[in-house]
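Contents: one structure, followed by commentary.
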Amino acid sequence: MTHASKGTAAVWFAALLLIASCGAPERERPPETSPQDTVPEDIRLADPEPGHELQFLRAAHIFIQSEGVSDSLSPADQDLEALRTITSIHRRITSGEADFESMAREYSQCPSSSEGGILPVFTSGALARPLDSAAAALAPGEISGILRTRFGYHIIKRLED
């Protein structure tokens, strides 16, 4: 789907909020701020280059938070544990031992986990940069390597458009 007319600001803003909520601490927005003011700096809205249409993408996502999950572990140990977890998940998926959707349902800490990790349709340029680059580069059905953002570790599966 590459037709700009198919998307609306409301749809992709909802996708941004869902993706931004994966690991982002809950914050109360003061009444004088707009929703755009609360989008993390590594999330950006996509403006197509002149002469190019927006590219709409479908993907699924597994997220493991790397900090703030345990009072008994140091931040470095929490990060190491998150990396071990996502590495094990990635290995199980890529070896064929488990499928992406069941691993997302069981382990992902993103709100999309209940949907097997499936994210709302989004435009290229709308995700955190490492996730966006991976989603755009993958062929439908392909699974990314392990990706790191300030929120934690991620695996992306590109879905059919």
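Which of the residues that make up region 57-85 are of a type outside the set (S, T, N, Q) and assigned to a loop (DSSP other than H, G, I, E, B)?
Within region 57-85, R58, E67, G68, V69, D71, L73 meet the criteria.
Scan region 129-149 for residues that are assigned to a loop (DSSP other than H, G, I, E, B) and more than 11 Å from the chain's Cα centre (by Cα) and jot them down.
The answer is L138, A139, P140, G141, E142, S144, G145, I146.
Filter region 86-97 for residues that are out of contact with any helix residue (DSSP H, G or I) (no Cβ under 7 Å at 6 or more places or on another chain) and within 20 Å of F151 (Cβ to Cβ) and give the result.
I86, T87, S88, H90
Name every residue in region 114-123 that is assigned to a loop (DSSP other than H, G, I, E, B) and either touching a strand residue (DSSP E or B) at 6+ places or on another chain (Cβ under 6 Å) or free of Cβ contacts under 8 Å to residues at least 60 places away in the same chain (or both), in order of residue number.
G116, G117, L119, V121
Going by what's in this entry, would E160 be described as surrounded by fewer than 13 Cβ atoms within 10 Å (Cβ to Cβ), at pLDDT below 90 and among the charged types (D, E, K, R)?
Yes; evaluated as a whole, the condition is true for this residue.
Going through region 62-108 one residue at a time, which ones are hydroxyl-bearing (S, T, Y) and closer than 23 Å to E142 by Cα?
Correct list: T85, T87, S88, T94, S95, S102, Y107, S108.
List pairs: first residue in region 53-70 and buried (at least 17 other Cβ atoms within 10 Å of the Cβ), second residue among the charged types (D, E, K, R) and outside any loop (DSSP other than H, G, I, E, B) anywhere in the structure, Cβ distance under 6 angstrom, at least six positions apart or on different chains.
Once the first residue is buried (at least 17 other Cβ atoms within 10 Å of the Cβ) and sits in region 53-70, its partners that are among the charged types (D, E, K, R) and outside any loop (DSSP other than H, G, I, E, B) give A59/R158; A60/K157; S66/D79.
Here are some residues: S112, S144, S108. Which one is of a type in the set (S, T, Y), within 14 Å of H61 (Cβ to Cβ) and in contact with a Gly (Cβ under 6 Å, 6 or more places away or on another chain)?
That would be S108, the only listed residue that is of a type in the set (S, T, Y), within 14 Å of H61 (Cβ to Cβ) and in contact with a Gly (Cβ under 6 Å, 6 or more places away or on another chain).
The values are calculated or read from the model by the stated rules, or taken from the named source; none is laboratory data. Just so you know, these numbers come straight off a predicted model, no measurement behind them. All Cβ positions, glycine included, derive from the backbone under ideal geometry; neighbour counts span all protein chains shown.
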